[in-house]
Structures are given as structure tokens and as C-alpha cells.
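To start, the structure under review is shown below, and the notes come after it.
The values are calculated or read from the model by the stated rules, or taken from the named source; none is laboratory data. Bear in mind the structure is a predicted one, so any value in this text is a computation, not a measurement. Counting neighbours? That spans all protein chains shown, and the Cβs are built from the backbone with ideal geometry, glycine included. Just so you know, the surface numbers come from the protein's heavy atoms only, side chains and all, with ligands and any DNA or RNA stripped out. Shrake-Rupley method; radii C 1.70, N 1.55, O 1.52, S 1.80 Å.
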Amino acid sequence: MIGMEPGRNRFLVREWRPSDRRRQDAFLQRLDREDLRMRFGLVRRPPELLVPAFTAARPGAAFAALDSGRALLGIATLIAIDGASAELAVIVRSDRKRRGLGRALIAYALCWAARHGLACVVGYVLAENHPMLALARAMDFRCVRNDPFLVEVSRPSGCRSEEAP
């Protein structure tokens with residue numbers, strides 16, 4: 001899927017490739033501590049958490065957003081919960097937030113999930129992460145559980161015409 005940031009910067013969203021691992025260090029250097037905390041609940045730089053190892057017992061998929069120079073701008077992962085649903089996680093480089101990358105990664109993951117027989121996608125968002133909660137609402141995720149610390153959001157998988165890769 002090709003996308004366009006404001007200012008006409010193009011980006012590509014596609015499935016993660018093993019060669020993308022070499023781009024992770026540069027990506028991690030461009031993440032603010034607060035963005036790491038919002039995504040992982042901690043501030044250390046956890047490369048193994050960005051794209052976990054998927055196995056037959058723990059299947060999943062990962063997706064990368066890249067600029068025209070192939071620099072990594074964002075990562076989304078889907079990890080199967082059961083045969084019908086998966087957990088979605090997204091992180092976008094701190095200097096590229098709020099430019100459509102997160103939306104594009106989520107849309108790509110939702111379409112991929114539907115094509116691979118997953119009916120539902122869920123996410124867990126820190127209650128204080130208002131930008132992510134707003135994006136989830138804008139993309140028709142609904143709040144399933146809300147406590148003072150963590151919000152669970154859910155949406156059927158699938159592609160809307162404006163989201164299709």
C-alpha cells in the first residue's frame with residue numbers, strides 16, 4: 001500500500017521482511033522515551049518486542065511503513081489470540097507521528113487479518129494515550145473494557161474501500 005504524508009512525502013506499507021531487522025536500530029533511535037512508554041509500558045528500547053518471533057504456537061504477522069529511502073517509519077504487529085482473533089500493536093517513529101502512518105499500518109493489518117481468516121482485531125491502549133484512542137475511534141474500534149490504566153478496543157477485521165491496500 002502506498003500512502004502520502006502531509007507535505008507529499010510518500011511511504012510504503014507492506015509485510016515485514018527479515019531484512020527489515022537491520023533497520024530496527026535506526027528506528028529505535030528515533031523513538032522518544034514517552035512513545036516507548038505509551039507502546040510498551042516501559043522506557044527501555046526493546047528490539048525483540050518490536051517484532052516478536054512468531055511460531056506455530058504463537059502465529060502472527062508484522063508490517064512495516066517505509067519512506068522512499070527505505071527507512072523504517074512505523075511497525076504494526078498482529079499476534080493470534082485464538083483461531084478467530086488477533087491482538088494489534090502499532091508504533092510510529094516519534095518524528096513522524098500524526099501524519100497518517102499509524103492509520104495506514106492499522107488499515108493494512110485489518111485487511112491482512114480478514115484475508116487470513118481472522119474475524120476480530122483487538123488492541124490494548126494505555127488510558128492516557130488519547131491520540132491512539134482517538135485514532136481507534138476514528139477507525140471504528142469500540143471500547144470493550146475501560147479501566148483507569150488500560151483500555152481494550154476491538155473491531156471486526158476487514159477492508160473499507162478507503163483503507164484497502
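If you filter segment 138-162 down to residues that are without any contact (Cβ under 8 Å) to a residue 12 or more places away in the chain and more than 20 Å from VAL13 (Cα to Cα), you find that the one that is most open to solvent (accessible area, probe 1.4 Å) is ARG145. Find the residue count for segment 104-134, including only residues that are surrounded by 18 or more Cβ atoms within 10 Å (Cβ to Cβ), within 27 Å of ASP25 (Cα to Cα) and either under 12 Å from the mean Cα position of the chain (by Cα) or among the basic types (Lys, Arg) (or both). Residues in segment 104-134 being surrounded by 18 or more Cβ atoms within 10 Å (Cβ to Cβ), within 27 Å of ASP25 (Cα to Cα) and either under 12 Å from the mean Cα position of the chain (by Cα) or among the basic types (Lys, Arg) (or both): 10 in total.
Examine segment 77-87 for a residue that is closer than 15 Å to ALA136 by Cα and open to solvent by less than 30 Å² (accessible area, probe 1.4 Å), and state whether such a residue exists. Within segment 77-87, none of the residues are closer than 15 Å to ALA136 by Cα and open to solvent by less than 30 Å² (accessible area, probe 1.4 Å). For first residues located in segment 98-109 and closer than 18 Å to PRO156 by Cβ, partners that are of a type in the set (Asp, Glu) and lie 6+ apart or on another chain with Cβ distances below 6 Å form the pairs ALA107/GLU163. Determine whether ASP35 is within 15 Å of the chain's Cα centre (by Cα), modelled with pLDDT of 60 or more and either open to solvent by less than 50 Å² (accessible area, probe 1.4 Å) or over 22 Å from TYR108 (Cα atoms) (or both). Yes: the conditions hold for ASP35. When segment 1-32 is filtered for residues that are at pLDDT 60 or above and of a type in the set (Asp, Glu), the ones remaining, listed by number, are GLU15, ASP20, ASP25, ASP32.
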